[in-house]
There are 2 protein chains.
Amino acid sequence: MKRKKSSAAAGEESQELALRLHAAAIHLLRRLRQEDAALGVSPARASALSVLAFGGARTLGELAAAEQVTAPTMSRLVAALEADLLVAREPDPADGRVVRLRATAAGLRLIERGRARRTARLAARLEALAPAERAALERAVALLEGLLPEL
Amino acid sequence: MKRKKSSAAAGEESQELALRLHAAAIHLLRRLRQEDAALGVSPARASALSVLAFGGARTLGELAAAEQVTAPTMSRLVAALEADLLVAREPDPADGRVVRLRATAAGLRLIERGRARRTARLAARLEALAPAERAALERAVALLEGLLPEL
DNA sequence: TGACATTGTTAGTTAGGCTAACTAAATTTA
DNA sequence: TAAATTTAGTTAGCCTAACTAACAATGTCA
């Protein structure tokens, strides 16, 4: 390992931290899966729908990129959301290839209604933390959010 | 909402934080999925195998509980790992129903070898963080790990 | 105008989660 | 001790979600 002595430890530490982060993410999602299911919409769909709900209309390709999945994957998610009348397609007046997607009123309602329920158990646990702990988590999430686009 | 006035804000904040954590976990895992695939073993299998590799032999039910999946799900994961000769079954001498699982030498090697690669990109990003930032993440992960069993 | 690029869709595969229904073994109880 | 119940795992069947490959339709440009 070629590395300045002071960061050899940082390397070890980062790897250890990466593994723990990975494991924590896996386990967190397995827990939250059930909550999402109770909403009547699967996690991947809820995630895509919330992008449209909070971020506004966009094309399928843009949504796929935002969600970091391939176009076919997003195409299927959108098809399911559309079948449930949660998302509507609109043709792009300027380009006949693109499909613009928009959350319907029902889609917006579902996200709004589900917002609390989806993460209720987790939020309750977080609320039980000491303010300083919550602040630490908050900071860590912000760091992660900054890291993700470059991963 | 019955709550002391000072924690009404904490409730909002917790919910917001829960949503962000959820989204971050989803996106993090989508990124790491590719790395895992390169190892030649899928994420769920790698996770189960590493429990055996680091934590030692245990029964299928214990492993399912540790991984927070149902017994049938774990049964299938284990069958696949066994077919790849990464995990071996041993009968329990005291109880004919239980199946004890142990990582094989090949399984241990795979985890050891894969440890670095699995999270290499993430670890590299983490290493680029300032020590204080890494410490904040570390603390947050520890908090999460403490929270998860009660979720 | 014809070649190429871009946007989405369709088809097919693999993986991982679930529940329900089963077998086999152990334990409890009448 | 025999019957009933509980526990551990497996099998089967279903669903969601990811991928790649191949395709159709549209736009762009030399």
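The values are calculated or read from the model by the stated rules, or taken from the named source; none is laboratory data. Being a predicted model, the structure only gives us computed values, none of them experimental. Cβ atoms come from the backbone with ideal geometry, glycine included; neighbour counts cover every protein chain shown.
Here's the yes/no breakdown for (1) over 15 Å from the mean Cα position of the chain (by Cα); (2) at pLDDT 85 or above; (3) loosely packed, with under 13 Cβ neighbours inside 10 Å:
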site: A:E12; (1), (2), (3): yes, no, no
site: A:L21; (1), (2), (3): yes, yes, no
site: A:A25; (1), (2), (3): no, yes, no
site: A:L28; (1), (2), (3): no, yes, no
site: A:A38; (1), (2), (3): yes, no, yes
site: A:L63; (1), (2), (3): no, yes, no
site: A:V69; (1), (2), (3): no, yes, no
site: A:A80; (1), (2), (3): yes, yes, no
Would you mind stating whether A:R100 is touching a Ser or Thr at 6+ places or on another chain (Cβ under 9 Å) and at pLDDT 90 or above? yes
For the subset of region A:68-81 comprising residues that are near DNA strand C (Cβ under 9 Å from one of its atoms) and not β-branched (V, I, T), which member is nearest to the other protein chains (Cβ to nearest Cβ)? A:M74
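Looking for whichever is in a helix (DSSP H, G or I), within 12 Å of another protein chain (Cβ to nearest Cβ) and closer than 28 Å to A:R89 by Cβ here; the options are A:A44, A:A37. Which one fits?
Values: A:A37 fails: within 12 Å of another protein chain (Cβ to nearest Cβ).
Of the residues listed, the single one that is in a helix (DSSP H, G or I), within 12 Å of another protein chain (Cβ to nearest Cβ) and closer than 28 Å to A:R89 by Cβ is A:A44.
A quick yes/no check of all residues on (1) more than 12 Å from DNA strand D (Cβ to nearest atom); (2) without any contact (Cβ under 8 Å) to a residue 12 or more places away in the chain; (3) not small (G, A, S):
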{"site": "A:D36", "(1), (2), (3)": "no, no, yes"}
{"site": "A:F54", "(1), (2), (3)": "yes, no, yes"}
{"site": "A:R58", "(1), (2), (3)": "yes, no, yes"}
{"site": "A:E82", "(1), (2), (3)": "yes, yes, yes"}
{"site": "A:A88", "(1), (2), (3)": "yes, no, no"}
{"site": "A:V99", "(1), (2), (3)": "no, no, yes"}
{"site": "A:A103", "(1), (2), (3)": "yes, no, no"}
If the requirement is being at pLDDT below 80 and either more than 7 Å from chain A (Cβ to nearest Cβ) or touching a Gly at 6+ places or on another chain (Cβ under 7 Å) (or both), which of these qualifies: B:R58, B:R3? B:R3
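Taking region B:92-103 as the region of interest, how many residues are farther than 13 Å from B:L52 by Cβ and in contact with a strand residue (DSSP E or B) (Cβ under 7 Å, 6 or more places away or on another chain)?
Kept after step one, since they are farther than 13 Å from B:L52 by Cβ, are these residues of region B:92-103: B:92-98.
Filter once more, keeping what is in contact with a strand residue (DSSP E or B) (Cβ under 7 Å, 6 or more places away or on another chain): B:92, B:98.
Adding up the residues that qualify gives 2.
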I'd like to know if region A:119-137 contains one or more residues that are touching an Asp or Glu at 6+ places or on another chain (Cβ under 8 Å) and within 14 Å of DNA strand D (Cβ to nearest atom). no
Hits in region A:82-133 (condition: buried (at least 17 other Cβ atoms within 10 Å of the Cβ), part of a helix (DSSP H, G or I) and within 14 Å of another protein chain (Cβ to nearest Cβ)): A:I111, A:G114, A:R115, A:R118, A:L122, A:A123, A:R125, A:L126, A:E127, A:E133
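Do the conditions hold for A:L63, that is, is it within 30 Å of B:T119 (Cα to Cα), more than 10 Å from every other protein chain (Cβ to nearest Cβ) and in contact with a helix residue (DSSP H, G or I) (Cβ under 6 Å, 6 or more places away or on another chain)?
On the way: within 30 Å of B:T119 (Cα to Cα): yes; more than 10 Å from every other protein chain (Cβ to nearest Cβ): yes; in contact with a helix residue (DSSP H, G or I) (Cβ under 6 Å, 6 or more places away or on another chain): yes.
Yes; evaluated as a whole, the condition is true for this residue.
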